[in-house]
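The values are calculated or read from the model by the stated rules, or taken from the named source; none is laboratory data. Not measured: the values here are computed from a predicted model. No Cβ is skipped: glycine too gets one built from the backbone with ideal geometry, and neighbour counts run over all protein chains shown.
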Amino acid sequence: MVDLTVEIAPGLILKNPVLTASGTFGYGREYAPYFDIAKLGGIITKGLSLEPKTGNPGIRITETACGMLNAIGLENIGIEQFLSMELPLLRKLGAVVIVNIFGQEQADYAALAARLDGVEGISALEINISCPNVKAGGIQFGTDPAAAAKLVAAVRQATSLPLITKLSPNVSDIVAIAQAVVEAGSDALSLINTLMGMAIDLDRKKPILGNTTGGLSGPAIKPVALRMVYQVASAVSVPVIGIGGIVNQRDALEFLLAGATAVEIGTASFINPQSAALIVAGIENYLDRQGCKRVVDFIGSLEKNPA
């Protein structure tokens, strides 16, 4: 048996390092028919706002080479419907629940954090400051270290829940953003969110997505994500959660080797709804074959090339 437990924030211990990425796993119930979601380290909900949001006009998803573009626009049912309709089921299923939150203004984030503080069944918050396909909020905070720090500080004051800040790759220096939000009180970091991209319908001579641009995810972004996770994990003292193009256990293990304490599975769940569960089993099998008894001993053990 391999000990897969990891601590992603003070006091928040997961049974294994595999989480689901926000926006790719619904509110959890959508995947419950396919496997026991309580076997995952945890699930991260679709991004939630104070009020329900309709999102962007279609087309909102399109495949690309080695990935996909999405411009959903953070459509969601709003925090109150989530608490009354979705969270009770998640409690019954026994999943560790991390709620992803976003807003247009700093006050929105703080209000959401305050509303969720102390709610039974919620283990942590993931602060989305990095969505590239909405016209207001989110990304405006995620590209400026001072603005990001100010927002995280406001959320920190509003809740006692562990805070994970989700970082954007669409910046010139992700390490500066990471360090700023950690200093402001973020207990952990998750990265990367999607890269901004575009697809064109040559026959129609128009953008495929109704929003024109969208967020690129899937295997195409993995090398970028790995590099950024490695850089950030080397520069901060808090846990880092790796995201970006993870479709099997080898991908996940590479992120752990680079310094990620945990990983989030996103686009892979659209390919195979059991992907996250299969990756948990794959990590355990690999470590067992290597004679590694604890995943924490494997994390960050990448050997550097000589200068």
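Results, tabulated for the structure shown:
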quantity	calculated
Failed item, numbered, when Asp203 is tested on (1) surrounded by fewer than 18 Cβ atoms within 10 Å (Cβ to Cβ); (2) in a helix (DSSP H, G or I)	(2)
Qualifying residue in the stretch 76-89 (condition: among the hydroxyl-bearing types (Ser, Thr, Tyr), under 29 Å from Met196 (Cβ atoms) and over 19 Å from the mean Cα position of the chain (by Cα))	no
Residue identified as over 15 Å from the mean Cα position of the chain (by Cα) and at negative phi among Gly266, Gly210, Gly242	Gly210
Among the residues listed as Ser186, Ser269, Ser234, the single one being of a type outside the set (Val, Ile, Thr), buried (at least 23 other Cβ atoms within 10 Å of the Cβ) and at pLDDT 95 or above	Ser186
Positions within the stretch 149-183 being surrounded by fewer than 21 Cβ atoms within 10 Å (Cβ to Cβ), among the hydrophobic types (A, V, I, L, M, F, W, C) and assigned to a loop (DSSP other than H, G, I, E, B), in sequence order	Val171
Strands (runs of 3 or more DSSP E) completely within the stretch 1-118 that count 1 or more residues being surrounded by fewer than 16 Cβ atoms within 10 Å (Cβ to Cβ)	6-9, 12-14, 61-64
Filter result (in a helix (DSSP H, G or I) and either out of contact with any Pro (no Cβ under 8 Å at 6 or more places or on another chain) or farther than 23 Å from Val238 by Cβ (or both)) within the stretch 270-283	Phe270, Ile271, Ser275, Ala276, Ala277, Leu278, Ile279, Val280, Ala281, Gly282
Residue list for the stretch 119-137, filter: in a loop (DSSP other than H, G, I, E, B) and either at pLDDT 95 or above or under 19 Å from Phe25 (Cβ atoms) (or both)	Val119, Glu120, Gly121, Ile122, Ser123, Ser130, Cys131, Asn133
